[in-house]
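The values are calculated or read from the model by the stated rules, or taken from the named source; none is laboratory data. All values reported here derive from a predicted model rather than from experimental measurement. We place every Cβ from the backbone using ideal geometry, glycine too, and count neighbours over all the protein chains shown. Heavy atoms of the whole protein, side chains included, go into the accessibility calculation; ligands, DNA and RNA do not. Shrake-Rupley method; radii C 1.70, N 1.55, O 1.52, S 1.80 Å.
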Amino acid sequence: MHSLVTGGAGFIGSNLVDALLGEDPQARVTVLDKLTYAGSLENLRAWGPDRLRFVQGDVADLELVQGLLEGVDVIFHLAAETHVDRSVVGAEPFLQTNTVGTYRMLEAARLAGTPRFLQVSTDEVYGSIDQGSHTENDPLKPSNPYSASKAGGDMLCLAHHTTHGVPVLITRCTNNYGPRQYPEKLLPFFLARAEAGEPLPIYGDGQQVRDWLYVEDHCRALVFLARHGQPGEIYNISAQGEKTNLEVTLTLLERLGLSRELIRRVTDRPGHDRRYSLDSSKLRQLGWAPRVDFETGLDRTIAWYQANRDWLERIRLDSAEYRKFSEQYYRERLSSSTAFFPR
Ligand code: NAD
Ligand code: TYD
């Protein structure tokens, strides 16, 4: 099988490349990635040019994408701007990549007649849910510019399927964690800061609920759905093991042997969804189930970051983009923060 993985130099994309090339010695992958601040060739260094073709470029570049599709059996479309806090500060790149870029990918697939297209989407498009879990039939109600831009991409996928017969299926997954996640997302952000003795900014009361899935389980679901999913269908992917942000943070600190006094309560994120929850029984009935529980996955994740301190420090210390955002965004919040667990 020859797969095109967009966003393959990012967190989930690079883990997906490992899954595709690791499970089948005949498999070939083309990665198309713009190498934004979130992507790095370092994430793909395990694979040589005999198995992996890397192309630096933009998913919104229709001509470029068309030129890559000959002989491609399946497109895994992951390239996106992904950080909610950045979308609060400025949404233009999110619309350009997540919505317009997805449209151009669909057009390229239509013109090339690519046999399968997986739109890798998120639980966030459904919005917050107080009780119960979203099924694939629920309406979309995104709360922030990131999720709205992903919802726009999802809608275009369904339209391209209905109007043009493009064989698209949509996957919507809960929060991922694992090796190579960019350290602006909760777990690696807090891990790196805690180890450096820096305060951990929890938004609001820390009682927001997320359902954490180990990245390898997500990638196995994507490979599985490329084979067994039906075009035109939507599949939720979830661990069904929800935790509050405070629980996740306390478990992390306990595993690291560090004090909970590092936790600070900061002003909440605007538009912050209280709870995400997905019903993934449609996918589970086809035969997929997660294999890695949260404790095991967390231990593996911590072990990876500790064995790859250079990867983390290169971003934290060398990346101007990283410092600019994290300093601007958190300096003010932390200066007016309060201790979560006062001495
Ligand atoms: P990431 O931010 O780690 O990586 C995104 C990658 O896309 C980067 O390598 C970046 O260089 C590339 N990219 C960005 N804009 C591009 C463009 N215009 N053209 C080509 N490449 C571009 O993201 P991630 O966490 O790995 O997420 C991957 C996908 O999975 C996204 O579509 C996201 O919406 C979805 N998703 C993520 C999660 C999660 O918890 N991380 C959960 C559900 C769904
Ligand atoms: P994040 O990793 O940004 O993923 P998402 O917003 O897509 O769920 O955040 C996970 C949760 O952690 C979310 O409820 C926001 C919260 N959070 C904090 O409380 N403080 C932080 O510094 C960050 C980055 C996230």
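Look at ARG316 and say whether it is among the charged types (D, E, K, R) and either part of a strand (DSSP E or B) or within 20 Å of the chain's Cα centre (by Cα) (or both). Yes, satisfied. Pairs linking a residue in the range 69-92 that is modelled with pLDDT of 95 or more to a residue that is more than 16 Å from ligand 2 (Cβ to nearest atom) and among the aromatic types (Phe, Trp, Tyr), with Cβ atoms under 7 Å and 6 or more positions apart or on different chains, are ILE75/PHE117; HIS77/PHE117.
Taken together, ALA60, ALA38, ALA27, ALA19 contain a single residue that is open to solvent by less than 60 Å² (accessible area, probe 1.4 Å), in contact with a Gly (Cβ under 6 Å, 6 or more places away or on another chain) and either over 23 Å from HIS160 (Cβ atoms) or hydroxyl-bearing (Ser, Thr, Tyr) (or both), which is ALA38.
Before we move on, is PRO183 open to solvent by less than 40 Å² (accessible area, probe 1.4 Å), touching a Lys or Arg at 6+ places or on another chain (Cβ under 7 Å) and either within 15 Å of ligand 1 (Cβ to nearest atom) or free of Cβ contacts under 8 Å to residues at least 12 places away in the same chain (or both)? So PRO183 passes the test. Among all positions in the range 292-302, there is at least one residue which is touching a helix residue (DSSP H, G or I) at 6+ places or on another chain (Cβ under 9 Å), touching a residue at least 24 places away in the same chain (Cβ under 8 Å), surrounded by 14 or more Cβ atoms within 10 Å (Cβ to Cβ) and part of a loop (DSSP other than H, G, I, E, B).
Total residues in the range 248-297 satisfying the condition of being over 28 Å from LEU140 (Cβ atoms) and more than 18 Å from the chain's Cα centre (by Cα): the figure is 22. Within the range 185-201, the residues that satisfy the criterion of being more than 9 Å from ligand 2 (Cβ to nearest atom), of a type in the set (A, V, I, L, M, F, W, C) and either within 19 Å of VAL84 (Cα to Cα) or in a helix (DSSP H, G or I) (or both) are LEU191, ALA192, ALA194. Only one entry of SER259, SER238 meets the criterion of being over 27 Å from VAL88 (Cβ atoms) and modelled with pLDDT of 95 or more, and that entry is SER259.
Is one or more of the residues making up the range 284-299 closer than 26 Å to LEU334 by Cβ and either modelled with pLDDT of 95 or more or within 16 Å of ligand 2 (Cβ to nearest atom) (or both)? Scanning the range 284-299, I find at least one residue that is closer than 26 Å to LEU334 by Cβ and either modelled with pLDDT of 95 or more or within 16 Å of ligand 2 (Cβ to nearest atom) (or both), so the answer is yes. GLY178 meets all of the listed conditions (1) of a type outside the set (Asp, Glu); (2) buried (at least 22 other Cβ atoms within 10 Å of the Cβ); (3) on the phi < 0 side of the Ramachandran plot but one, namely (3).
The residue that is nearest to the chain's Cα centre (by Cα), among those in the range 186-212 that are under 20 Å from LEU222 (Cβ atoms) and open to solvent by 10 Å² or more (accessible area, probe 1.4 Å), is TRP212. Restricted to the range 207-269, the set of strands (runs of 3 or more DSSP E) holding at least 3 residues that are touching a residue at least 40 places away in the same chain (Cβ under 8 Å) comprises 209-211, 234-237, 263-266.
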